[in-house]
Amino acid sequence: MRFRLLKKNVIVFLVILIVVIMLFYFKRGTGDEGSIDETVNESTQTVVLGTFGDGTILSMRKSVYDSNYRQDIQNGEKFPLEPELVIVVQVHNRPAYLQMLIQSLEKLVGVQNVLLIFSHDYFSEEISDIIKGISFCKLLQIYFPYSIQLYPNEFPGQDPQDCPRDISKEDAIKRGCLNAEHPDSYGHYREAPITQTKHHWWWKLHFVFERVRVLLGYNGFVVFIEEDNYLLPDFHHYFKSMTELRKTSCRDCDVLALGNHDSLSGFQELSTKTETAGWLSTKHNMGMGISRELYYKLMGCNNEFCTYDDYNWDWTLQNLSGTCISKPLKVLVACGSRVLHTGDCGLHQKDDCKPEMAQEKVDAALKGVRSALFPPILTLTDHGPVEHQPHMKNGGWGDVRDHTLCINYAARL
């Protein structure tokens, strides 16, 4: 009898012990879940702050990847229709010129039917605030994830162990600096600020056509401009007329060039005129319209673009035209430019930047051409077949690390 009672008590004790242990682990588990939630919230806050330099470099990188993945569309509910035109702006760090560009965009007739994409390689609160203030069309911001700002002391930024630009290869090998074996064609070693623009341009091209989800069904042209451009009020109107002209009279034209470097000289006589030409870096790199068809042609030259020893994307493109791309690129050119270049400082000029004077020049120029805007019909002078235009490469792009990184932009991540 005593044995039965003892056995019964042991069983009860074991049941109670199991219940206590389960309660203990359940409570502990609940506490852990609370800690995880708190950690996630803190991490999210850090990422948001890090976007514009208030956090660590690692948090900024995380924020860039997060933004590129989310692809939040600003003003999407206000402008729900599919875009008639996509304009991509390459942005660095010239907020005064960016502000001028945005003011010109706001004045475009038909801008409500435009999708703006701002592609950044520098992140600041000032630039963010300027773009957040846009309410006249829908827009998307994307971020070049391999900028100098995100990698200040390592490739693709300038690593302290990189070779100085002007050291000889012999001395570089003796010193043992990282890229001693890979100077450019002129014996110079890479400079990160010089290489960034070409990297950004090629990455942006891939990202826009391959990874921007809102454009997956878009088969129109994408126009590429820069932050120090200024668009005339009839830019959208002219673009539509130009695309119709291409369909009827220049089906073999690969590129639309809505801007040129002639300013507004003779605009009254040139406003209605277009012509064909072979693509030239010095003439057709501003307000450049690219179709998905041309993008695929360029994709086929990924290795050639990324290994050609010229730090300029446009000179590199001119080299591809008629070499890797067997048929030289033919351009439909606006003789009366719809894009003005306002920047008086940039990659090669750092001093005496006076955006206020640029604005005065633009305002004065526009007063003299308003009556010639919005032409009802365009005329075309077709100069026939085009030829490859070779040039002497500029160097600055001899480092195999630049080649490899550039090539990998085409890989789907």
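The values are calculated or read from the model by the stated rules, or taken from the named source; none is laboratory data. Bear in mind that the values here come from a model prediction, so they are computed numbers and not experimental data. With ideal geometry, Cβ positions are generated from the backbone for all residues, glycine too; neighbour counts draw on all protein chains shown. When the accessible area is computed, the model is the full protein with side chains, heavy atoms only, and any ligands, DNA or RNA have been set aside. Shrake-Rupley method; radii C 1.70, N 1.55, O 1.52, S 1.80 Å.
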Practice item. Output ³J(HN,Hα) for segment 302-311: one whole-Hz value per residue in order, computed from phi by the Karplus curve 6.51 cos²θ - 1.76 cosθ + 1.60 with θ = phi - 60°, and x for Gly and Pro. Key: 4, 4, 5, 4, 7, 10, 6, 7, 8, 6
Practice item. Compute the accessible area per residue over segment 155-257, keeping the other protein chains in place, probe 1.4 Å, unit Å². Key: 39 Å²
Practice item. Taking just the C-alpha trace of segment 128-173, give me its Rg and Dmax in Å. Key: 18.7, 57
Review point. Under a straight-distance cross-link criterion of Cα-Cα below 17 Å, which lysines are reachable from K78, leaving out those fewer than 8 residues away in the same chain?
Key: K132, K138
Check your understanding: Ignoring ligands and nucleic acids, what accessible area does E82 show with a 1.4 Å probe (Å², nearest 10)?
Key -> 130 Å²
Revision key, fill the gap. Expressed in square angstrom to the nearest 10, the accessible area of I325 with a 1.4 Å probe stands at 10 Å²
Check your understanding: Carbon and sulfur: what percent of segment 88-159's accessible surface (1.4 Å probe)?
Key -> 46 percent
Review point. Probe 1.4 Å, all protein chains in place: accessible area of D309 in Å², nearest 10?
Key: 10 Å²
Point to revise | Burial ranking of peptide ranges 356-368, 242-254 (average Cβ count within 10 Å, highest at the top) | key: 242-254, 356-368
Exercise for review: Enumerate the aspartates and glutamates that K107 could reach by cross-link, defined here as Cα to Cα under 18 Å, with residues fewer than 8 away along the same chain left out.
Suggested key: E84, E226, E227, D228, D234, E360, D363
Study note, to complete from the structure: Largest-first ranking of R190, R401, R213 by accessible area, probe 1.4 Å, whole protein assembly kept, is R213, R401, R190
Check your understanding: Ignoring ligands, DNA and RNA, what percent of the 1.4 Å accessible area of segment 224-306 is carbon and sulfur?
Key -> 47 percent
